[in-house]
Amino acid sequence: MVQIEIKLDPVPGADGANGVLTSKHSAVLHRHLDHEFLVLDQAKGNYLLLEDGRKIIDASGGAAVGSIGWGNERVALAVAKQVLAAPYCATIFFTTIPQEELAKELIAGTGGDMARAYIVNSGSEAMEAALKLARQYYLEIGQPQRSRFISRERSYHGITLGALAVGGHKARRAKFEPLLMDNVSQVSPCFAFRGKAAGESDTDYVHRLAVELDDEFQRVGPETVCAFVAEPVVGAALGCATAVAGYFKAVKAICEKHGALLILDEVMCGMGRTGTLHAWQQEGVVPDIQTIGKALSGGYQAVAGVLVNQRVVGALEKGTSAFVHGHTYQGHPAGCAAALEVQRIIREEGLLENVRQMGDLLEKRLRAQLAGHPNVGDIRGRGLFWGVELVADKASMTPFPDADHVCMEICELGLDEKYSILVYPGGGSVDGIRGDHIILAPAFNIKPDEIETIAATVARLISDYFAAKGQ
Ligand code: PMP
């Protein structure tokens, strides 16, 4: 038995001193080149400890990643043991026990609706694999003319070229449009806040969207479509927009009618985030292919995955070859060990029940403290996945101009000592339709007093921000 002693020393500050790291000091090509960086030193429970001494409550699990909080020794030990036992596995030759156990755990979590798991390292990789699996499925069943995808506007499915091509996040696509595959077309998302007409019933709205999707199949030729791609609860692009009841049943029926697959992207909303292990379990549909990530390993390692049903697996089994895909680091043993331990903790500690209960409490508190604010247009979400949409004018739901960077400024203000809270920004777009929102997505084992702190702090943050702007 290996004894592992972990000593936690604070990291030295920039230039050896406590202070902010500016882009001048950073050796990393960061996304924001002109930024001052806060240095994360340690993370414990639901708190982030910065190198300058600040203690921040993590109300968004980073980027909706943290699912069991930070500093869990059971997971750390599982990873350490795996690294010492076999740190790497060339999956072209071998599998490992943690990879097999993780796949079994994931399949069991679908009640057997999905047949196999494919473990990769990021949500974008999972989406690339999902798209290629759909294409190969149709080759194997003798329908090579199927090479198109239909997805939704104002969506986000990842940052790599294939994932970006099915995504409808205009700002993230804009500079790379000429590189994106052109066999993708998009329909409207199910976004009641901005998409539903005044006085329109849920049934009529769902019907209208279903007709739009069906028309799109007809327009491009139903026999050319591989799959319809959608996120059950839209995270980064729309700020936790849940679908109207019946929407996913309607789109699944259209996919079936045209013989196309349904790919659900649950990278952000899945693995328990919305109160059931998979968001589709609340929609009454089962996807053919599903992507997962973020809460899967809860941030302890870079792990994501694809779950594939028997229809697709069966075609590959009978087909000309195994899936023509692969990454050097896929099925990484330490990643699998971390994800497996995190998933066991979620199951053994009954954390999904806590997601539902704390989600209800968070919703109540957010509505009580924020719904009346003149710049809060909408509060929406499910489980521990809540978005607050910010508007310039409440009655007309007019969004702020992109140039105002409202959600980013609010998130940055949140990190000020006065608030010490991490919330996740979203919104702004090149066409200005989408609006600004912040996302709250705390860990699944969050406690009532922490929910109270989060809701009260977010309310104070939003009201102070707009008060300072004179709004
Ligand atoms: N799909 C969705 C729905 C996401 O939210 C994200 C990441 N925010 C991705 C895919 C891409 O995941 P990653 O950043 O791990 O590549």
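Taking H placed 1.01 Å from N in the peptide plane, check which residues at least 5 places from Ser122 or on another chain put their amide H under 5 Å from its amide H.
Amide H neighbours of Ser122: Ala304.
If amide H atoms are built 1.01 Å from N in the plane of the peptide, which residues on other chains or at least 5 residues away come under 5 Å of the amide H of Gly427?
Placed amide hydrogens put His437 under 5 Å from Gly427.
So, counting K/R as plus one and D/E as minus one, what does the shell of residues with Cβ under 15 Å around Asp464 add up to?
-1
With labels modelled as points extended 7 Å from the Cα through the Cβ direction, what inter-label distance (nm, one decimal) is found for Ala90 paired with Asp182?
4.1
Along the range 186-194, what does the Karplus equation 6.51 cos²θ - 1.76 cosθ + 1.60 (θ = phi - 60°) give for ³J(HN,Hα), rounded to whole Hz, x for Gly and Pro?
3J(HN,Hα) across the range 186-194, in whole Hz: 10, 10, 5, x, 8, 9, 3, 4, 10.
Each residue of the range 360-368 in order: what ³J(HN,Hα) in whole Hz does its phi give by Karplus 6.51 cos²θ - 1.76 cosθ + 1.60, θ = phi - 60°, with x for Gly and Pro?
4, 5, 4, 4, 4, 5, 5, 5, 5
So what J values fall out for the range 43-56 if you push phi through Karplus, 6.51 cos²θ - 1.76 cosθ + 1.60 with θ = phi - 60°, rounded to Hz, Gly and Pro as x?
My calculation for the range 43-56 gives 10, 9, x, 9, 10, 10, 9, 8, 5, 8, x, 5, 10, 10 Hz in order.
So for the range 37-110, what percent of the C-alpha to C-alpha distances run longer than 18 Å?
Here the tail beyond 18 Å accounts for 59 percent of pairs.
Dividing the alpha-carbon Rg of the range 53-191 by 2.2 N^0.38 Å yields what?
Taking the Cα Rg and dividing by 2.2 N^0.38 Å, one obtains 1.33.
How long are the semi-axes of the ellipsoid equivalent to the range 75-348, from square roots of 5 times the Cα gyration tensor eigenvalues, in whole Å, largest first?
So the equivalent ellipsoid measures 31, 21, 17 Å along its semi-axes.
Cβ neighbours within 10 Å, averaged per peptide: list 447-456, 32-41, 326-335 in order, most packed at the top.
Result, highest mean first: 326-335, 447-456, 32-41.
Along the Cα-to-Cβ line of Ala198, 7 Å from the Cα, sits a label point; which residues in the range 357-397 have backbone N less than 17 Å from it?
Only 393-397 fall inside the zone, counting backbone N under 17 Å.
Would you grab the residues whose amide H sits under 5 Å from the one on Tyr47? Only those 5+ places off in sequence or on another chain, please, with H modelled 1.01 Å from N.
Asp58, Trp70
So which of Lys24/Lys175; Lys364/Lys394; Lys132/Lys318; Lys55/Lys394 end up more than 22 Å apart by C-alpha?
Pairs exceeding 22 Å: Lys24/Lys175; Lys55/Lys394.
Each reported figure results from applying straightforward, stated rules to the coordinates on display, with no laboratory input. The structure presented is a predicted model; accordingly, all values stated were derived computationally and were not measured. Here Cβ is always computed from backbone atoms with ideal geometry, including for glycine, and neighbour counts include all displayed protein chains.
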